[in-house]
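Since the structure comes first, as structure tokens, the remarks are kept for the end.
No lab work stands behind these numbers, since they all come straight from the coordinates. Owing to the predicted nature of the structure, the values given are computational and were not obtained by experimental measurement. Using ideal geometry, Cβ is built from the backbone for each residue, glycine included, and neighbour counts are taken over all protein chains shown.
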Amino acid sequence: MLRSIRSTVRLGDEGGVAIVEFALVLPLLLLLFLGMLDFGRAFNYWLTENHLANEAARWAIVGRSPDGQTGANALANAIKNQAGSTMGDVSSLAVTFCITDASGTAKPGDPITATVSRANYQWLGILGSGALFGLRLSPTGLTAKATMKLEAPYSASGASASPYTPTVSASC
């Protein structure tokens, strides 16, 4: 009887070790995989912001809005509407315009910079709260800029009022 117990229990038996090692490595592999997915999503948002900033600058230099709306924020609202189809929640998306001119007037040929920024991209938001092993990952701002030269003069009021409200300064 003693001999049969000894033969079934072998010292150094490694059965089940692979599953224990897998259980130890799995969280790190998942974190690496989710991190790659999240980086890809952040990069996609940044590329979309670059495209939107380019679109905003292009529409601003001709003094029109893509949807034909008028008013001080018509162009910014149209750009946010375009972003909504690809970026989800655009409540933290800001679209601003700045005309670089030392004299304080905006005339054709002056550079205008359109800036599209997302104030709070939450890293690893896929996990829900963004908390990982008790650590809170802080949100990051994603910003894109595009600069072009004005083709039409900026007008704040009247029939030819521009669909945006820029900051006019010596540097943007």
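With 10 angstrom as the radius, rank 112, 61, 19 by how many other C-beta atoms surround their C-beta, starting from the fewest.
19, 61, 112
Compute the FRET efficiency between residue 137 and residue 91 as 1/(1 + (r/R0)^6), taking r as their Cβ-Cβ distance and R0 = 25 Å, and round to the nearest 0.05.
Efficiency, from the Cβ-Cβ distance: 0.80.
Can you give the extra length, in nm with one decimal, that the chain gains between residue 120 and residue 37 once fully stretched, where that is 0.36 nm per residue apart less the Cα-Cα distance?
Net length gain for the segment: 28.1 nm.
Among 64, 58, 118, rank each residue by its count of other Cβ atoms within 10 Å, from fewest to most, as a rough exposure measure.
Arranged by neighbour count, lowest to highest, 64, 58, 118 become 58, 64, 118.
Distance in nm between label sites at residue 105 and residue 18, each 7 Å beyond Cα in the beta-carbon direction?
Computed distance between label sites residue 105 and residue 18 equals 8.0 nm.
Measure off 7 Å from each Cα along the Cα-to-Cβ vector at residue 171 and residue 26, then give the distance between these two points in nanometres to one decimal.
Going by the 7 Å Cα→Cβ label model, 5.5 nm.
How high is the FRET efficiency from residue 156 to residue 51, r the C-beta distance, R0 25 Å, rounded to 0.05?
Efficiency for this residue pair is about 0.35.
Using only the Cα atoms of the range 15-169, what do you get for the radius of gyration and for Dmax, in Å?
That works out to 21.5, 83 Å for Rg and Dmax.
From the backbone phi of the range 58-71, what are the Karplus-calculated ³J(HN,Hα) couplings (6.51 cos²θ - 1.76 cosθ + 1.60, θ = phi - 60°) in whole Hz, Gly and Pro given as x?
So the J values, rounded to whole Hz, are 4, 5, 5, 5, 9, x, 9, 10, x, 9, x, 6, 10, x.
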